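Laboratory data are not the source of any read-out in this text; all were calculated from the coordinates shown. As the structure is a prediction and not an experimental result, all values here were calculated from the model. Cβ coordinates were reconstructed from backbone atoms using ideal geometry, including for glycine residues, and neighbour counts include every protein chain displayed.
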Amino acid sequence: MQNFWKGALAAALLLTATASLPVQAADNSACGTDRNIDIAEMSWPSAAALAHIHATILAKGYGCNVEKVSGDTVPTSSSMFARGTPAIAPELWTSSIEKPWNEAVDQGKVVKLGDAITDGTLEGWFIPRYVHDAHPDLKTVADVVKHPELFPDPEDKTKGRLYSCPPGWTCEIATSALFDAYDMKSAGWNLFSPGSGGALDASIARAFLRKEPILFYYWGPTSILGKFDAVELDMGKADKAVYACNTNPDCDKPAGKTAYPSSAAIVGAAAWVKSDAPAVAEYFSHVGLTNDQISSLLVYGDENKADAAATADNFLRTQQDVWTKWVPADIAARIKATLT
């Protein structure tokens with residue numbers, strides 16, 4: 001995910017090359033261009049894994065000259081606008097750069113080649129499936145708010161506990177506002193800050209492994225939602241105006257009830273890719289994955305302490321029914337022959 005919770009990086013526009021892949025041909029003609037296809041390897045797990053997956057397919061299948069470069073939402077998109085590089089951002093969350101992105105599209109500097117996450121990104125409040133099965137009436141946030149006794153705070157069992165977002169993330173502000181909007185303190189709830197993303201993950205994992213009740217904020221695609229069977233609570237429709245106020249410290253209106261808006265996660269590209277490398281553009285129009293598919297591929301990395309390259313390799317070896325649909329049969333065969 002694009003780590004929009006942490007805010008924009010104060011990075012310069014320089015993107016540092018981190019790795020190159022061997023090609024299968026002496027030239028780049030299969031890609032329709034003599035230019036390198038540089039792919040942004042973003043800092044969050046799903047985008048990093050996708051960068052390695054696509055780099056491998058383009059290099060070993062199409063014979064492209066491929067280079068992976070480090071990136072993040074703001075510096076990557078800014079460099080695309082200004083210099084036409086990197087060529088591809090395989091999971092670009094445009095919600096935090098909506099205005100400059102749309103302006104750059106209108107100016108013919110960048111294009112959307114497809115959706116990276118076909119069903120949109122995910123944020124919400126969750127409970128374990130086993131809790132929902134025991135209490136099937138718990139379908140909405142409002143339903144759960146009425147029953148703090150079902151989710152006791154380990155430090156004060158007379159209150160319920162909502163596990164919030166780590167400090168400093170935008171979702172912490174949004175979740176705190178929703179806690180107020182539902183008047184949860186008066187209803188007998190405590191809002192708990194986990195301190196870090198790792199601490200939140202550990203709290204969730206501990207509860208699931210012990211079959212304990214837990215109410216928690218989370219987002220997807222992530223390995224946590226791929227590993228544990230969680231039920232998302234209904235929060236109604238997303239109201240962008242309410243959400244914007246909820247997350248703006250200067251907004252003087254009371255906190256309002258709203259679902260978290262889903263953010264678009266696209267395959268963004270420098271405009272020249274579509275005109276100069278049509279085979280690459282065509283490939284990226286087919287590569288969308290669902291939240292569940294991405295969460296599942298991240299489970300391997302989490303359970304095996306694998307880096308993005310190893311996670312991508314596992315996907316290519318074990319999910320051939322998925323990625324072979326993205327490419328012609330001869331290219332799929334060429335890639336399969338290189339997998340160990």
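Figures for the structure shown
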| quantity | calculated |
| --- | --- |
| Efficiency of FRET from Cβ geometry, residue 150 and residue 306, R₀ 30 Å, rounded to 0.05 | 0.25 |
| Residue 69 long-range amide H proximity, modeled H, under 5 Å | 18, 39, 40, 41 |
| Principal-axis tilt of helix 291-304 within the chain, Cα atoms, nearest 10 degrees | 90 |
| Residues whose placed amide H lies under 5 Å from that of residue 289, excluding near-sequence neighbours | 117, 118 |
| Computed label-point distance, nm, for sites residue 211 and residue 238 using a 7 Å Cα→Cβ extension | 3.6 |
| Ordering of 83-93, 171-181 by burial proxy (mean other Cβ atoms within 10 Å per residue, highest first) | 83-93, 171-181 |
| Lysines with Cα under 22 Å of residue 227, excluding same-chain neighbours fewer than 8 positions away | 139, 211, 305 |
| Stretch gain in nm, segment residue 319-residue 119, where the contour uses 0.36 nm per residue and the Cα spacing is subtracted | 70.1 nm |
| Three-way shape label, segment 45-91, alpha-carbon gyration tensor, a/c 1.5 | oblate |
| Share, in percent, of DSSP beta bridges within the chain that are antiparallel, nearest 5 | 60 |
| Prolate/oblate/rounded label for segment 156-218 (Cα gyration tensor, a/c 1.5) | oblate |
| Order of 223, 78 - criterion: other Cβ atoms within 10 Å of each residue's Cβ, fewest first | 78, 223 |
| Relative contact order (percent, whole number), the chain, Cα cutoff 8 Å, 6+ residue spacing | 24 |
| Ranking of 135, 286 by count of other Cβ atoms within 10 Å, fewest first | 286, 135 |
| Fewest-first sequence of 130, 300 by Cβ atoms within 10 Å of each Cβ | 130, 300 |
